[in-house]
1. Using Cα centres only, tell me the gap between the range 256-275 and the range 169-231 in whole Å.
2. Can you give the relative contact order of the range 148-244 as a percent, counting alpha carbon pairs under 8 Å and 6+ residues apart?
3. Step by step: find N for the range 44-198, compute 2.2 N^0.38 Å, then divide the Cα radius of gyration by it. What's the final number?
4. For the chain, what is the accessible area per residue in Å² when the probe is 1.4 Å?
5. Once Lys and Arg get +1 and Asp and Glu get -1 on their Cβ, which of 98, 311, 17 lies farthest toward the positive end of the dipole of the chain?
6. Would you work out the charge dipole size for the chain about its Cα centre, treating the Cβ of every Lys and Arg as +1 and the Cβ of every Asp and Glu as -1, and quote it to the nearest 20 debye?
7. Normalising by the residue count of the chain, find the relative contact order in percent from Cα pairs under 8 Å and 6+ residues apart.
8. What's the extension gain from residue 261 to residue 53 if we count 0.36 nm per residue and subtract their Cα-Cα distance?
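The values are calculated or read from the model by the stated rules, or taken from the named source; none is laboratory data. Since the structure is predicted, the reported quantities are computational estimates derived from the model, not experimental observations. Virtual Cβ from ideal backbone geometry, glycine too; neighbours counted across all protein chains shown. Areas reflect the complete protein model, heavy atoms only, side chains present, ligands, DNA and RNA absent. Shrake-Rupley method; radii C 1.70, N 1.55, O 1.52, S 1.80 Å.
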Amino acid sequence: MSNKTPVGILGATGIVGQRFIQMLEQHPWFEVGWLAASERSEGRHYAEAARWRMKTALPERVARMVVSPATPDGAPRVIFAALDAAAAHELEPRFAEAGCAVISNSSALRMKPDVPLVIPEVNGEHIKLIDQQAWRKKSGGYVVTNPNCSAIGLVLALAPLHREFGLESVMAVTMQAVSGAGYPGVASLDILGNVIPYIRNEEEKMEEETRKLLGQLNGSKVIPGAFAMSAQCNRVAVEDGHTESISIRLKRKAKPQEIIAAWNSYRAEPQELKLPSAPDRPIVYLEAADRPQPRFDVDMGAGMTTAVGRLRPCGVLDWKFTVLSHNTIRGAAGAAVLNAELLKAKGYLG
Ligand SMILES: NC(=O)c1ccc[n+]([C@@H]2O[C@H](COP(=O)([O-])OP(=O)(O)OC[C@H]3O[C@@H](n4cnc5c(N)ncnc54)[C@H](OP(=O)(O)O)[C@@H]3O)[C@@H](O)[C@H]2O)c1
């Protein structure tokens, strides 16, 4: 019998749910034992309920599993959640109240003051907020979240610079992949040969989440990072990988080689603890003048590394550069799996 921790996936049939199944198939600590989605999928074999969009084969064992109703009865204690925000608002608290550790991708509870919003390489200590949650006090259950898929690559690139030089202001313009909109997502007739300069709530999420992630934990709350931030978000006809053009002003002057060294040398707790999904290098600076590009660089570090390139002076702020991050791996399922590994390493998974 396996001695791995049994885990469940809420929203298992969607794009992020499928990524969870793919990433957890060979996981050394966790094993998928329960799948749930909406009433549309409930009671059906997974292979029939989900339109499998991953490039690896659907694992046989998972294909035969029956999709459960999205209720805590019979669910394991560790739940990866990949629900639409509206469903997450209602269901995530219900699972936490029933005693489950809910490791969520959704925006529903990310900005709640007692819910940690975590990137293990950036603000792992924020998981202590769990102990403030009423669910934790009552049943032992809790909710931990990972950021929006466009905030995560940006914050990984900003964290070493904020630490060494201090951030004063940040301007971000994104070019976001279609897989970021889930499945079936944006209609092909809307996106082919096109750029859509609007993603609902995305700019607000990027701005507030970036400040919370780079904020300071002060007892029972997070004091948001005190820098100015402006985001503009666009959907482009790329399959996977969010590319972002960033300009920043720093509090302390920095030389380009110091900035590049800060990125390339960046290591944090997940690397020290050798967490199974932690990339050896969270951030890699690419020297080529025309990189990073999603087609070539999105899978660096098995999709968990943030690629940065094109550092050059900015005529308005101090510096500008390009960031690329895999939106359904580092920006979703991989982020949650790394959060779960950190929680396990810190004794929060029992
Ligand atoms: N795609 C990305 O790059 C990305 C990145 C970061 C975060 N996220 C977030 O992750 C979440 C999932 O995104 P996605 O791209 O995987 O979306 P998706 O492909 O549309 O999948 C949504 C999932 O939620 C389930 N669901 C919907 N309503 C439900 C209900 N009332 N009860 C139970 N299950 C319900 C769906 O089940 P059925 O199939 O049965 O309808 C499906 O499994 C969203 O909150 C999204 O914002 C996505």
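1. 23
2. Once normalised by length, the contact order is 47 percent.
3. That ratio works out to 1.24.
4. 43
5. Of the candidates, 311 comes out farthest on the positive side.
6. Here the size comes out at about 480 debye.
7. Rounded, it is 17 percent for the chain.
8. Contour length minus Cα-Cα distance gives 71.1 nm.
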